[in-house]
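**Q** Mind looking over this structure? Questions follow.
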Amino acid sequence: FKQSFSALFQEKYGAKKLNHDIFKAAPFNSRSASGSYDRIILRAGHNDNWANNWDPMHSTYTRDEMTRVLQLLMSGWGSHGTYVHLYLNGKYWGLYNPCERADDNMMAIYFGGNENDYKYAKAKDPYERGTVPKYDSLLQKDFTSCSLTELGKFVDLDNFADLVVLFAYANPGDGEQFYYGYNSKLDKPLLFSAWDLEASFGGGMMRTGNPSMSLAGGMSCVRQKNSILKNPEFRLKVADRAYKHGHNNGVLADMQIIMIWDSLNRVIEKA
C-alpha cells in the first residue's frame, strides 16, 4: 500500500513556513486558503483505494476530501485540500491528496497569535485526552437545560451544529474523526475540523450506510451522553442549520451535492 507523509516546514530545515499557493488548482475553497503552511499532510488514501482488500468495489478516493470540502462550504472552517501526482526524487508514487491538518499551527495562521496560544487534539486518539481542558469539560458537563449562550462558551455553535449535520448526512462508520482546538489564551470556544472520513457516503470498508440525516447518528461525532442533543435550543440550532444547507440551493441540496461530488471525481478521473 501507499503510505501517507507529513511535510513539515521548520527553521532548522531552512524555512519555518511554506509560502506557496499549493491549493490554487483545488476543485473547491482555493480562495479561502491562507497560502502559508507549517505542515501539509500528503494523504495516500490508504483505506480507500482499489488495491485495498477492505472494500475495493466501493473505493472512490474522494469521500474523505468530500467531507472536508463540505465542512468548509458549510461553516467556513476546516482543512483545505487538493489532488496531485506525487514524485519523490524523480520516482512516481501515484495520486495523493495534500491537505491541511487543523492543529495549533493552522489555527494560529487563520486566527492570529502563535501556536503556543492554542490547544488542540484528535478526538479518536485516547492519548490526547487531558490536553484540551475545554473539550474534557464538554464531555463531562450536562448541557440538557443550559442556554445557547452557556453552550457557546464551550463550542462555536454554528461550527459544531454543522459538524453534527455533516456527520448525520455523510454517515461515517468510523466515529470521532475530527480535530478540535481553541485559543486558550483568549478562552475562545472550541472549533472542530472533520478528518479521516473515507468511511462515509455508503462506502469505505462497508462500515457505513446510506445518508439518513439522523441526529443521533450526527451526535456520534462526540461520544458523550448526548446531553447536548437533548437540549431544545441546540436541537433547534441544528434544525436551522440543516434547513439552511439542505434547501434553497444550500450546500447539501440535491443539485449542489451532486455537482460537488461529480466535480471532485472528474478531477481524478483520468488518473
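The values are calculated or read from the model by the stated rules, or taken from the named source; none is laboratory data. The structure presented is a predicted model; accordingly, all values stated were derived computationally and were not measured. Cβ coordinates were reconstructed from backbone atoms using ideal geometry, including for glycine residues, and neighbour counts include every protein chain displayed. Heads up: the accessible areas ignore ligands, DNA and RNA and are worked out on the full protein's heavy atoms, side chains in. Shrake-Rupley method; radii C 1.70, N 1.55, O 1.52, S 1.80 Å.
**Q** For region 260-270, in order, what is each residue's ³J(HN,Hα) by Karplus, 6.51 cos²θ - 1.76 cosθ + 1.60 with θ = phi - 60°, in whole Hz (x at glycine and Pro)?
**A** Taking θ as phi minus 60°, the curve returns 4, 4, 5, 5, 4, 6, 5, 4, 9, 4, 5 Hz for region 260-270.
**Q** Okay, next question. Return, for the Cα atoms of the chain, the radius of gyration and Dmax in Å, separated by a comma.
**A** Final numbers for Rg and Dmax: 18.4, 60 Å.
**Q** What is the sum of charges, Lys and Arg at +1 and Asp and Glu at -1, for the other residues whose Cβ falls under 12 Å from the Cβ of Thr62?
**A** Taking every Cβ under 12 Å from that of Thr62, the sum is -2.
**Q** Roughly what would the spin-label model give for Ser147 and Ile258, points 7 Å off Cα along C-beta, in nm?
**A** Reported label-point gap for Ser147 and Ile258 is 4.5 nm.
**Q** Let me ask something additional. Write down the accessible area per residue of the chain in Å², having rolled a 1.4 Å probe over the full set of protein chains.
**A** On a per-residue basis, 49 Å².
**Q** Okay, next question. Along the Cα-to-C-beta direction of Tyr13, a point sits 7 Å from the Cα; which residues of region 37-68 have their amide N less than 12 Å from that point?
**A** 38-42
**Q** While we're on this one: Can you send over the carbon and sulfur percentage of the accessible area for region 1-110, probe radius 1.4 Å, protein chains only?
**A** Carbon plus sulfur share of accessible area: 52 percent.
**Q** Need one number for region 1-152: average projected area of the convex hull over its C-alpha atoms, nm².
**A** If you wrap the Cα atoms of region 1-152 in a convex hull and average its projections, you get 12.3 nm².
**Q** If the viscosity is 0.890 mPa s and the temperature 25 °C, what Stokes-Einstein diffusion coefficient in µm²/s follows for region 55-119 when Rh is the Kirkwood radius over Cα pairs?
**A** 175 µm²/s
**Q** Here's a follow-up. Straight-line reach from Lys188: which aspartates and glutamates have Cα under 17 Å away, leaving out those fewer than 8 places along the same chain?
**A** Partners found: Asp103, Asp104, Glu115, Asp117, Asp136, Glu150, Asp156, Asp158.
**Q** Let me understand region 74-176 better: what is its radius of gyration from the alpha carbons, and its Dmax, in angstrom?
**A** 17.3, 60
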